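The values are calculated or read from the model by the stated rules, or taken from the named source; none is laboratory data. Predicted model, so just to flag it, every value in this text is computed and none were measured. With ideal geometry, Cβ positions are generated from the backbone for all residues, glycine too; neighbour counts draw on all protein chains shown. Only protein heavy atoms, including side chains, enter the accessible area calculation; ligands, DNA and RNA are left aside. Shrake-Rupley method; radii C 1.70, N 1.55, O 1.52, S 1.80 Å.
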Amino acid sequence: MKKLLIVAALGIFTLGFSQNYYNDYRGSISSINWGDVAIFLGLNNNQVHQLNILNNRYPDYNSWNRMYGKAPNRWYTDRYYAMEKIMTAEQYKRFYARYYHGQNPRLKYDNDYRRHFDRPQDRHDRRFNDRHDDHHDGHHG
């Protein structure tokens, strides 16, 4: 019986631990106005398309957990490496400086993405799908 309780407790802890990483992942997307990014950096249509794909890669916890469940902190490296490949070196440097103020992106949004989560978006670039964070409609592309 003790073994069963330990396994159950470990499972609950692991789920909560991974869920926090997934919340950080979603926050790294929702805390940034990607339309502003496209305008500020002068991204071309292909770059915008690639960022949309990247931002929608894991629309729910289960899809994210299949990839990162055993190493949940690996998503940081994968995501920012993919962004570096999508943008030019100069664009990524400007993005990093503006949106992360030269800090490690994880530390930056850990400190303030929750503060800005519901902030209204001022400018809009139509090439970005505003519904990128609305993953409850059952359609996962």
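How many residues does region 50-97 hold that are β-branched (Val, Ile, Thr) and modelled with pLDDT under 95? I'd like the intermediate steps shown before the answer.
We begin by selecting, within region 50-97, every residue β-branched (Val, Ile, Thr); these are 53, 77, 86, 88.
The next check asks that each one be modelled with pLDDT under 95; those that pass are 77.
Matching residues across region 50-97 total 1.
Does TYR76 qualify as being of a type in the set (Phe, Trp, Tyr), assigned to a helix (DSSP H, G or I) and open to solvent by 60 Å² or more (accessible area, probe 1.4 Å)?
no
Among the residues in region 122-134, are any open to solvent by 40 Å² or more (accessible area, probe 1.4 Å) and either at pLDDT 90 or above or at positive phi (or both)? Scanning region 122-134, I find no residue that is open to solvent by 40 Å² or more (accessible area, probe 1.4 Å) and either at pLDDT 90 or above or at positive phi (or both), so the answer is no. When the residues of region 17-57 are filtered to those that are open to solvent by less than 20 Å² (accessible area, probe 1.4 Å) and either of a type in the set (Ser, Thr, Tyr) or touching a Pro at 6+ places or on another chain (Cβ under 8 Å) (or both), which remaining residue is nearest to THR88 (Cα to Cα)? That would be SER28. Name every residue in region 29-66 that is among the aliphatic types (A, V, I, L, M), in a helix (DSSP H, G or I) and in contact (Cβ under 8 Å) with a residue 12 or more places away in the chain, in order of residue number. Within region 29-66, ILE29, VAL37, ALA38, ILE39, LEU41, VAL48, LEU51, LEU54 meet the criteria.
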